[in-house]
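The values are calculated or read from the model by the stated rules, or taken from the named source; none is laboratory data. Please read all numbers here as calculations on a predicted model, not as lab measurements. Cβ placement follows ideal geometry from the backbone for every residue including glycine, while neighbour counts extend to all protein chains displayed.
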Amino acid sequence: MSARRFSFVDWMTFVVPIGWLLAFLALPLLGVAALAFHDIADSIPPVAPLVSRVGGHLVVHASARGLRVVLSDPLYLSAFWNALSNAALTAAGCILVGFPIAYAIARAPLERRNFYVLLSILPFWTSFLMRSYAWMGLIRDSGPLNSLLLTLGIIKTPLTILYSPFAVLLVMVYSYLPFFVLPMYAVLEKLPTDLLAAASDLGARPVYAFRTVTLPLALPGIISGSILVFVPAVGEYVIPELVGNSSTVMIGGILWDEFFENRDWPLAATIALVTFVALMLPPLLLRRTLGHSTVARI
């Protein structure tokens, strides 16, 4: 039996994805990594050469200043902790809110599911910035939310929600919710209903059937949706700047300030590189904890 020869289509399906990853992921990442080991300089661009010729010899001027600053300065450590904890809380909030939504869509009549999915992604049709500004109007002291609570007599004085860590979490859960609902719905839609029917016939209560049948089978969707929320939430810049306060300093804001305000490109590159490494840890830990077979189904 002769070996199969690769056709042009076979080569293109291999070359195009690899070329895309090299051009838009690997090479930029290598550039950021190299920039992180430069020294800052009073020039345009504000970086000193990494390699220079001294006495006829090439000398490498690699500097770990940015790494030392990031790993020792309390400001950056606090910003990293705020970003990671806020992203984790955002992912948890999306699970609590998004799982019932995805489950309801998956159990809805077949002819209505597409409409419900459309409703879940409808916020994407408007500008991300406009949605954030809309939330600022909703939760301000004189906004509709406080007005409704005051009218119902639930509160006596307006709640101070805007410019608080809770406001950041609230708007981020709303903004990233579709990232969780869609993969969660894709998994729940494919769950075999005969398993739940068999569990019911065997006398399992709905809560027990959900815990032992639905939840384990839905775990790949929960993991993939959580990662899709967690990764972009770590570097979020707009929402903390608009609805947060000075106590909600995130790594996205620090990165912006170092790059555009302080013009310390090597330090900004180091922050970006450390953030990238931190974002790689959750998938690796999940793969180690749950095993390759579970993660491969995501």
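Hey, does region 85-94 have a residue that's among the hydrophobic types (A, V, I, L, M, F, W, C) and within 16 Å of Ile254 (Cβ to Cβ)? Checked against the condition, which is being among the hydrophobic types (A, V, I, L, M, F, W, C) and within 16 Å of Ile254 (Cβ to Cβ), region 85-94 yields at least one hit.
Residues of region 140-157 that are surrounded by fewer than 16 Cβ atoms within 10 Å (Cβ to Cβ) and in a loop (DSSP other than H, G, I, E, B): Asp141, Ser142, Gly153, Ile154, Ile155, Lys156, Thr157.
If you check Ala104 against the conditions, is it touching a Ser or Thr at 6+ places or on another chain (Cβ under 6 Å) and hydrophobic (A, V, I, L, M, F, W, C)? So Ala104 fails the test. Candidates in region 179-205 are the residues that are small (Gly, Ala, Ser) and without any contact (Cβ under 8 Å) to a residue 12 or more places away in the chain; of these, the one that is farthest from Ser226 (Cα to Cα) is Gly203.
Listed by position, the helices (runs of 4 or more DSSP H) contained in region 12-107 that have at least 2 residues being of a type in the set (Gly, Ala, Ser) and more than 30 Å from Ser175 (Cα to Cα) are 27-35, 65-72. Residue check: is Ser120 of a type outside the set (D, E, K, R), at pLDDT below 90 and not in a helix (DSSP H, G or I)? Here the answer is no, as Ser120 does not meet what is asked.
Just one of Leu217, Leu267, Leu273 is under 21 Å from Arg68 (Cβ atoms) and either buried (at least 21 other Cβ atoms within 10 Å of the Cβ) or touching a Leu at 6+ places or on another chain (Cβ under 6 Å) (or both); which is it? Only one candidate passes the filter, namely Leu267. Would you check if Gly252 is modelled with pLDDT of 85 or more, within 30 Å of Leu67 (Cα to Cα) and part of a helix (DSSP H, G or I)? In short, yes. Checked against the criterion of being charged (D, E, K, R), surrounded by 15 or more Cβ atoms within 10 Å (Cβ to Cβ) and modelled with pLDDT of 75 or more, the candidates Glu261, Glu236 yield just one match: Glu236. Note on region 158-167: among residues that are in contact (Cβ under 8 Å) with a residue 12 or more places away in the chain and in a helix (DSSP H, G or I), the one that is surrounded by the fewest Cβ atoms within 10 Å (Cβ to Cβ) is Pro165.
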